[in-house]
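Comments concern the structure below.
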Amino acid sequence: MSELQVYVIIYLSFLALAVITFLILVFIDAPYGRHATAGWGPFVNNRIAWIVQEAPASLMMFFYFFSSSRPATAATLVLLIMWQSHYAHRAFIYPFSLSVNKRAPLITVLLALLFNFVNTYIQGRWLFSLAPDSFYNAAWLQDPRFIIGALVFITGYIINKYSDYRLSALRKPGESGYMIPRGGLYELISCPNYFGEMITWAGWSIATWSPAGVFFLVWTIANLGPRALAHHRWYSETFPDYPKNRRALIPFIL
Ligand code: NDP
């Protein structure tokens with residue numbers, strides 16, 4: 001069996017799993033953060049959990065880039081930089097913005113780790129080895145699909161990082177409670193960080209024009225769509241003065 005055949009099997013299996021995951025998460029809130037409850041097994045330190053679960057996405061992408069038998073191009077290098085701008089931050093900077101005294105269930109850490117292993121394989125092998133020969137050549141950087149995708153990616157990136165920053169700024173050192181977030185897109189929706197994450201990977205799908213990009217976007221929607229609705233419901237039930245005009249995920253719509 002060729003690697004491409006193995007790749008397709010993994011791709012389709014995990015795409016089907018994304019649909020199943022979505023359906024499960026509609027009924028069961030992913031048990032981390034405010035939705036964490038007893039009965040999901042042991043817990044681990046939250047900061048270490050984020051580093052351990054996200055670091056492979058950064059490190060494995062370097063591995064796929066440098067171990068490819070194809071020569072690097074300006075396009076593959078730019079795509080690597082786009083990926084690392086997100087994942088080096090998510091694995092090695094973002095965890096240090098989180099409260100020190102929080103814990104995460106080991107089960108969600110292991111599931112996130114599995115997802116990052118599979119997803120980075122799907123992205124990295126496609127971009128640097130399995131895509132049609134010379135698809136990502138230097139001319140790709142001038143292709144409208146890349147330019148539009150990169151602009152969408154940057155827009156999502158800014159919304160995601162800025163919104164996560166606003167959340168982390170809500171708590172004073174040592175605090176662990178929840179407050180109503182205000183400012184920026186929080187005036188319109190409860191989860192602009194998730195909205196930004198979805199835009200980021202929609203941009204990635206366009207900029208890479210690849211089945212791999214679609215894979216990541218589908219998984220992001222499956223993970224974060226139901227969670228945004230759960231967060232919104234939780235805010236409305238927890239804070240009597242929660243703004244009534246605020247939607248969950250998509251301004252004015254959802
Ligand atoms: P949350 O919005 O649930 O929490 C983010 C951080 O902010 C946590 O430390 C949380 O604390 C804190 N926080 C959230 N709301 C409040 C509030 N109202 N008051 C005070 N503190 C608050 O995000 P996630 O943890 O689910 O996700 C973090 C990042 O990871 C996001 O950027 C998300 O887009 C991304 N992500 C991407 C996925 C994908 O499939 N691509 C999947 C999952 C996450 P606490 O932990 O105590 O709740």
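Read the figures in this text as sums done on the coordinates, not as results from a lab. Just so it is clear, the model here is predicted, and its values are computed rather than measured. Quick reminder, even Gly has a Cβ in these numbers, built from the backbone with ideal geometry, and neighbours come from all protein chains shown.
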The chain: angle of helix 46-67 to the longest principal axis, Cα-based, in degrees nearest 10: 10 degrees
Theoretical FRET efficiency, 1/(1+(r/R0)^6), r = Cβ-Cβ of L170 and V26, R0 30 Å, to 0.05: 0.60
Computed FRET value (nearest 0.05) for L77 with L151, which takes r as the C-beta separation and R₀ as 22 Å: 0.75
Rounded to whole Hz, the Karplus (6.51, -1.76, 1.60) HN-Hα couplings of segment 230-244, x for glycine and proline: 5, 4, 4, 4, 4, 4, 5, 7, 8, 10, x, 9, 5, x, 6
Chain lengthening between S67 and I158 when straightened (0.36 nm per residue, less Cα-Cα): 29.7 nm
Straight-distance crosslink candidates among lysines, where the alpha carbon sits under 20 Å from K161 and sequence neighbours closer than 8 are dropped: K172
Scaled radius of gyration (Cα, divided by 2.2 N^0.38 Å) that segment 1-143 gives: 1.22
Radius, Kirkwood style, for the chain when every pair of distinct Cα atoms is counted (Å): 19.2 Å
Candidates L114, L25, L185, ranked by Gaussian network fluctuation over the chain, Cα under 10 Å, top entry: L114
Principal-axis tilt of helix 74-92 within the chain, Cα atoms, nearest 10 degrees: 30 degrees
Interchain or long-range residues, amide H under 5 Å from F43's placed H: L106
Hits among aspartates and glutamates - C-alpha to C-alpha of K102 under 15 Å, sequence gap 8 or more where chains match: E175
Per-pair calculated FRET efficiency, R0 = 35 Å: V6 and Y178 via Cβ, rounded to 0.05: 0.20
Extension gain from L114 to Y242, taking 0.36 nm per residue of separation minus the Cα-Cα distance: 42.5 nm
Proxy reagent accessibility, fewest Cβ within 10 Å first, across W201, W209: W209, W201
